[in-house]
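Peer 1: Please find one structure pasted underneath; my questions will follow.
The values are calculated or read from the model by the stated rules, or taken from the named source; none is laboratory data. Please read all numbers here as calculations on a predicted model, not as lab measurements. Don't worry about glycine lacking a Cβ; one is built from the backbone with ideal geometry, like all the others, and counts go over all protein chains shown. For accessibility, only protein heavy atoms count, side chains too; no ligands or nucleic acids. Shrake-Rupley method; radii C 1.70, N 1.55, O 1.52, S 1.80 Å.
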Amino acid sequence: MTNIANTDQHAAWNGDSGQRAVTDADRRDRVMAPVAEVLLAAANLGEGQDVLDLGCGCGATTIAAANAVAPTGTVWGIDLSAPMLDVARRRIDRAGLTHVSVEQGDAQIHALPRERFDVVISRFGTMFFADPVAAFTNIAGALRPRGRVCVATWQPMVANDWLTIPGAALLRYGSLPDTTGGPGMFAQSDPAAITATLKASGHLAIEVEPVAITLTLGADPDDATDYLAGTGVGRAVLDTVPDDHRPAALEAVRTVLADHADHAGVNLGAAIWITTAHRSP
């Protein structure tokens, strides 16, 4: 593969974070399916288009895009994580898709094909860029004139009940590490910063739209607690909880989640940004 500029994220997603994502890939994609649905609806993909999926991970959005542009379009996914791309390739093979490919690389510096794509999509992949302006500048060069960008990123934590409600219970036992600065889950939670990044990297007609969705975190409070404990934020807080207090901390989360459970599972609100833009002519 090419050289890596984003070395910290490369290490994480080829190490513990990547292995955890692979182990729980089907459940994670099931929980985040509403995000993928909103993203693909906003991207408005059509037959014959060529699509680049940034941070394609285990391939859920890649495959969804491939179905949208079939039979004459193509989809190409890029991600830092070799373990997650292995899952994506197996899924693509099982689906029998021949117009899709994925490749390991750092979108900030990868030699993307010039003026190759009609649309670039990303479900939470762009939040982990070490240098967002450099990455989006490289991506702009891969778009055809007037090509479109459509990405999903998180709104601030305070807007996301699925984090704050169980988090309040968990934080009685631990503490929240610093989530500001640098790549990470909330790196693109400020619409002004997203807009400035895209303007600086050669994009026009930038729109950042708030979208409220509901996530089903699990079939019941036990399942939802297990899912949340495996997320990046959940693990970070649990790491601050003394071992002998962890059972009580997780029980507190289960108790809170029980108030949000019904026959369909444990449901809580989430808030994302859908950002769209065009490459400058």
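Peer 1: Could you give the size of the charge dipole of region 86-158 about its Cα centre, using +1 on the Cβ of each K and R and -1 on the Cβ of each D and E, expressed in debye and rounded to the nearest 20?
Peer 2: 300 debye
Peer 1: So what's the back-of-envelope 222 nm ellipticity for the chain, counting only DSSP H runs of four-plus at -39500 (n - 2.57) apiece and dividing by all residues, rounded to 500?
Peer 2: Counting only the DSSP helices, I get -12000 deg cm²/dmol.
Peer 1: Still on this structure: Counting Lys and Arg as +1 and Asp and Glu as -1, each charge on the Cβ, what is the dipole of region 160-281 about the Cα centre in debye, to the nearest 20? Working shown, then result.
Peer 2: On the way: 6 positive and 15 negative charges, 112 e Å.
Approximately 540 debye in magnitude.
Peer 1: Using only the C-alpha atoms of the chain, find the volume of their convex hull and express it per residue in Å³.
Peer 2: Numbers: hull volume 33.7 nm³, N = 281.
Here the figure is 120 Å³ per residue.
Peer 1: Let me ask another. Regarding region 78-204, what is the average projected area of its C-alpha convex hull, in nm²?
Peer 2: Spelled out: convex hull of the Cα atoms, projected over all directions, averaged, 9.7 nm².
Peer 1: Within the accessible area of region 146-281, what % is carbon and sulfur when the probe is 1.4 Å and the other protein chains stay in place?
Peer 2: 56 percent
Peer 1: Next up: Would you compute, for the Cα atoms of region 92-160, the largest minus smallest coordinate along each principal axis and list the three values in descending order, in whole Å?
Peer 2: Over region 92-160, Cα extents along the principal axes are 42, 31, 23 Å.
Peer 1: Can you compute the modelled spin-label distance between ILE109 and GLU207, with each label point 7 Å from Cα toward Cβ, in nm?
Peer 2: 3.6 nm
Peer 1: Only bridges whose two residues both fall in the chain count here: according to DSSP, what percent of them are antiparallel, nearest 5?
Peer 2: Looking only at bridges with both residues in the chain, the antiparallel portion is about 55 percent.
Peer 1: With r defined as the distance between the Cβ atoms of ASP16 and ARG90 and R0 fixed at 22 Å, what FRET efficiency is calculated, to the nearest 0.05? Present the calculation step by step, with values, prior to reporting the outcome.
Peer 2: Working: r = 21 Å, r/R0 = 0.96.
E between ASP16 and ARG90, to the nearest 0.05, is 0.55.
Peer 1: How large, in Å, is region 172-276 by the Kirkwood hydrodynamic radius built from its alpha-carbon pairs?
Peer 2: Numbers: mean 1/r = 0.0621 Å⁻¹.
Taking the inverse mean of 1/r over all distinct Cα pairs, region 172-276 comes out at 16.1 Å.
Peer 1: On average, how much accessible surface per residue is there in the chain, in Å², for a 1.4 Å probe, leaving out ligands, DNA and RNA?
Peer 2: Accessible area per residue, the chain: 43 Å².
Peer 1: Given a 1.4 angstrom probe, I'd like the percentage of the accessible area of region 1-55 that is carbon and sulfur, rounded to a whole number.
Peer 2: Carbon and sulfur: 45 percent of the exposed surface of region 1-55.
Peer 1: What does the charge dipole of the chain about its Cα centre add up to, to the nearest 20 debye, if the Cβ of each Lys and Arg holds +1 and the Cβ of each Asp and Glu holds -1?
Peer 2: Dipole magnitude for the chain comes out near 800 debye.
Peer 1: Provide the per-residue ³J(HN,Hα) series for region 171-176, in order, calculated from phi with Karplus coefficients 6.51, -1.76, 1.60 and θ = phi - 60°, each as a whole number of Hz, with x at glycine and proline positions.
Peer 2: 6, 5, 10, x, 9, 8
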